Amino acid sequence: MTPADRMAEHLAGQTRQRVEFDALAGAAERGDSSLLASPDRRRVLADAAQELVRRGLAQLPCGRPGWDFSAHPPLPLWVKRPSRPRAVRAQPGQRAWVAPLAGLSAVQLTTSDHALLNPVNTLLRDEPDAELIPVAERSYQLYDDEKYLHGIERHRLVTRGILDIADHLRARPAPAPLAMYELGPAPWLLIVENSAAFTSLRQILAAWPDRSQVGWLGYGAGDQLVASLPTAADSFRERDHPAAHLMLYADLDLDGLECARQADTRGHAAELPALVPAVGLYQALLTRRIRQVPPAPAERVREAVSWLPPGMATPVADLLISGKVLRQEALPLPVLRAHLDPASPLLPQLRGPLPRVRCGPGQKEDTTVVPGPDLPAADQPMTTEALLHRWPSASMRTELVYGVLLFTGNFDERDAAIAQRTYPGRRVLLNNDGAIEVHPAGSGPARSLLDR
């Protein structure tokens with residue numbers, strides 16, 4: 001092999017475009033040990049460099065700074081491997097789209113777009129009414145890869161409304177289900193973010209003396225909660241145990257509050273009740289020891305705390321912006337147990353005071369919690385106070401509206417629980433005017449008459 005051959009062999013094994021000439025000289029010298037001490041060494045190496053150029057394997061420096069002029073003849077300090085010509089991609093040709101995808105004819109599509117859409121076009125041609133199946137199953141059917149459609153909801157054709165997951169892919173999301181435990185018959189769900197806090201609350205609720213006051217307890221956090229919250233509707237339907245109240249108890253930090261707002265939005269899209277903060281638990285958490293962390297961005301904080309009631313949003317925002325957070329672990333089991341009083345109704349202790357009641361023109365807004373005693377125990381005689389305050393005897397008016405029983409009065413969750421036991425299987429709702437609505441059975445929570 002000639003010195004040029006050995007240099008060419010070395011070049012072929014390189015990945016960088018620029019190669020130091022000393023490395024090429026070393027390759028030539030390893031094949032001919034006499035070259036290192038030869039008086040013609042520079043001439044041989046210079047001729048080999050020119051041979052590489054003639055073969056089209058290398059380009060020599062154009063300017064003087066790229067050469068070594070310490071002796072004659074000058075040698076290049078480096079050579080440059082020629083760039084490979086870019087392969088010209090063949091543009092996909094025109095194709096006929098089925099009617100549901102006809103709008104694609106006006107869209108500039110890439111090769112990868114065609115790879116995505118061609119199997120969809122075939123599906124809609126052969127099975128236009130294919131049953132909706134989980135996205136991963138459709139992905140495996142069309143592309144032999146269950147992960148091919150992962151994240152399809154973020155694809156530009158989907159976000160622009162050109163490709164629809166249900167109508168075109170004939171698929172539906174299948175998020176991991178929300179972990180839910182039916183601890184009692186009450187129509188509420190409390191979701192807890194932290195496994196330690198969940199375990200403590202589960203222990204407390206399992207020992208709650210009045211089982212009728214206990215509802216669902218769920219566990220979920222972060223993106224998993226946001227994705228899985230809509231699956232709660234399936235559990236409510238399967239157990240014939242709907243929830244009129246959805247509450248979340250998470251860390252008081254930026255991530256926890258942003259997650260809560262996103263989950264509330266996702267739940268609203270699934271026609272679930274609003275996901276509200278477990279204010280009673282947060283009030284207890286705010287009395288505990290604060291943890292120092294880096295300050296959170298003020299703009300994001302102010303947006304995140306809008307999920308909290310006004311009286312709590314401002315102090316929490318001040319904490320987060322100043323670099324302080326509260327973790328659920330700061331409220332341990334003994335303190336949490338002491339905070340929840342079995343002698344008082346459970347739901348108001350979790351959710352906090354009732355939201356403000358909507359008032360008519362000229363009326364003063366009432367910000368107090370609806371008063372009144374609990375019903376006496378089953379083995380005790382009825383009292384006048386209970387008769388005047390509790391449903392159904394405290395109803396001011398009873399109406400039938402669109403097939404829905406409407407009991408007008410100043411009721412609270414205790415009355416809703418009584419009505420739910422009275423009308424098993426139906427969906428009982430406490431509306432924002434403090435009235436009780438009894439709706440027929442159906443999938444998901446009932447929609448209030450006030451929203452129609």
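The values are calculated or read from the model by the stated rules, or taken from the named source; none is laboratory data. In this text the structure is predicted, and so the values were computed from the model without any measurement. Heads up, the Cβs are rebuilt from the backbone with ideal geometry, glycines too, and the neighbour counts pull from every protein chain shown. Accessible surface areas use protein heavy atoms only, side chains included; no ligands, DNA or RNA. Shrake-Rupley method; radii C 1.70, N 1.55, O 1.52, S 1.80 Å.
Along the chain, the longest continuous region that contains none of the chymotrypsin sites (Phe, Trp or Tyr not before Pro) in a DSSP loop with at most 14 other C-beta atoms within 10 Å is 70-401. A value for semi-axes √(5λ) of the Cα gyration tensor in Å was derived from the coordinates, and within the list (1) 35, 30, 23; (2) 72, 31, 19; (3) 38, 31, 26 it appears as (2).
Note on Arg156 and Thr314: the extension gain reaches 53.1 nm, defined as 0.36 nm multiplied by sequence separation minus the Cα-Cα distance. The shape of the stretch 195-239 comes out oblate: with a ≥ b ≥ c from the C-alpha gyration tensor, a/c is at least 1.5 while a/b does not beat b/c. Considering only Pro100, Ala274, Ser112, the residue lying farthest towards the positive end of the dipole of the chain is Ser112, judged by Cα position with unit charges set on Cβ.
Projected onto the charge dipole of the chain (+1 at Lys/Arg Cβ, -1 at Asp/Glu Cβ, origin at the Cα centre), which of Ser228, Leu123, Met1 gives the Cα projection farthest towards the positive end? Working it through, the farthest residue towards the positive pole turns out to be Met1.
Charge dipole of the chain (Cα centre as origin; +1 on each Lys and Arg Cβ, -1 on each Asp and Glu Cβ, all else neutral): 1440 debye, rounded to the nearest 20. A 1.4 Å probe run over the protein chains yields, for the chain, 55 Å² of accessible area per residue, whole-number rounding. Estimated from helical segments only, the mean residue ellipticity of the chain at 222 nm is -10500 deg cm²/dmol, where each DSSP H run of four or more residues counts as -39500 (n - 2.57). Summarising the strand pairing of the stretch 148-307, around 25 percent of its internal DSSP beta bridges are antiparallel. A Förster distance of 45 Å, applied to the separation of the beta-carbon atoms of Asp234 and Ser83, puts the FRET efficiency at 0.20. Run the accessible area of the chain with a 1.4 Å probe and give the carbon-and-sulfur part as a rounded percent. Roughly 52 percent, rounded to a whole number. Here each label is just a point 7 Å from Cα along the line to Cβ, and for Arg64 and Glu299 those points are 5.4 nm apart.
Please return the longest stretch of the chain lacking exposed loop sites, where GluC sites (Glu not before Pro) count only if DSSP places them in a loop and at most 15 other Cβ atoms lie within 10 Å. Between exposed loop sites, the widest span is 1-130.
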